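Right, one structure below, let's go through it.
The values are calculated or read from the model by the stated rules, or taken from the named source; none is laboratory data. Small disclaimer: the values here were computed from a predicted structure and weren't measured. Neighbour counts run over all protein chains shown; Cβ positions are idealised from the backbone, glycine included. To get the accessible areas, we keep the full protein, side chains included, count just its heavy atoms, and leave off ligands, DNA and RNA. Shrake-Rupley method; radii C 1.70, N 1.55, O 1.52, S 1.80 Å.
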Amino acid sequence: MSKGTESHTSRSTEICLEGINAPWGEVLHLAVRSSYPKGHKTLGSCLQGFYYIASGRVSLSYLNEDGEEYGKLILGEGCLFNETPALAGTSWYTVFFCCLDAAEIWRFDASLLEDEAFLASHPHLAINLMRSIARKASIFFFHLARTHSTTSMCRLCDLLLQQSNPHQPDLCMSQSDVAAMMGLHQTTVARLIRRLREEGIIGRFTKRELQVLDRERLRRLAQHGDLKA
């Protein structure tokens, strides 16, 4: 495997999110505050409840039987983590958490997610949690479905085809959302989009509008990832 492919494989399995659970900052009086230094590590099986990141970043890595990382989710300020095991009551996989920066983290008791009085008085938080879980599931499904892709251009064009599908509702995705879903830096996505514009394949691309000028070429790029194809 070439050095370039190794780099792509590593980056394609790294997903970055921030601010998706910001409304939960309203109820930190129900949580317990802790501070962790950069580099602090713990296994998911050691965690109790679910957590809100007030500052810093936390990486979540899935480990195989040999202890090797095969996926990474980086969560920043305004994100919850460990909410799925808290809801399910258990975890079916080995997860490893690491603070990438000095972090301020607040722990909520898992019972809060089954507290009917809390949910009734804070329906917007329940909705936010469901939406964020759905977003994470969609991101991981996209990565699972596209693990055979060899280039970032392939994955970008495939995602743009899905977003511009006239038979599907508007996904309302910004370039930042696309970067997060693909696990790429925003400047990388911006560069790829600029190439597609220069080739006359797409036009305007905003959170509310994606203009596809040459759908057939976009479809070929999703398959081959080569602008000369």
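Please list, ordered by chain and number, the residues whose modelled amide H lies under 5 Å from the amide H of R57; skip anything fewer than 5 residues away on the same chain.
L100, D101
With a 1.4 Å probe and all protein chains kept in place, how do K136, K72, K207, K41 rank by accessible area, largest first?
K41, K207, K72, K136
Residue-wise, which Karplus ³J(HN,Hα) couplings in Hz belong to the range 213-223, taking 6.51 cos²θ - 1.76 cosθ + 1.60, θ = phi - 60°, and x for glycine or proline?
8, 9, 5, 5, 5, 4, 5, 5, 5, 5, 8
For the range 118-130, take each phi angle, set θ = phi - 60°, evaluate the Karplus expression 6.51 cos²θ - 1.76 cosθ + 1.60, and give the result in whole Hz per residue in order, putting x for glycine and proline.
Working through the residues one at a time gives 5, 5, 5, 8, 9, x, 5, 6, 5, 5, 4, 5, 4 Hz.
How charged is the neighbourhood of H122? Take every other residue with its Cβ under 14 Å from the Cβ of H122, and add Lys/Arg as +1 and Asp/Glu as -1.
Counting the neighbours of H122, the net charge comes to -4.
For H224, H122, H29, H40, give the ranking by accessible area with the largest first, probe 1.4 Å.
These residues rank, largest area first, as H29, H224, H40, H122.
Order E116, E26, E104, most accessible first, counting only protein heavy atoms with a 1.4 angstrom probe.
Reading off the accessible areas and sorting them downward yields E116, E26, E104.
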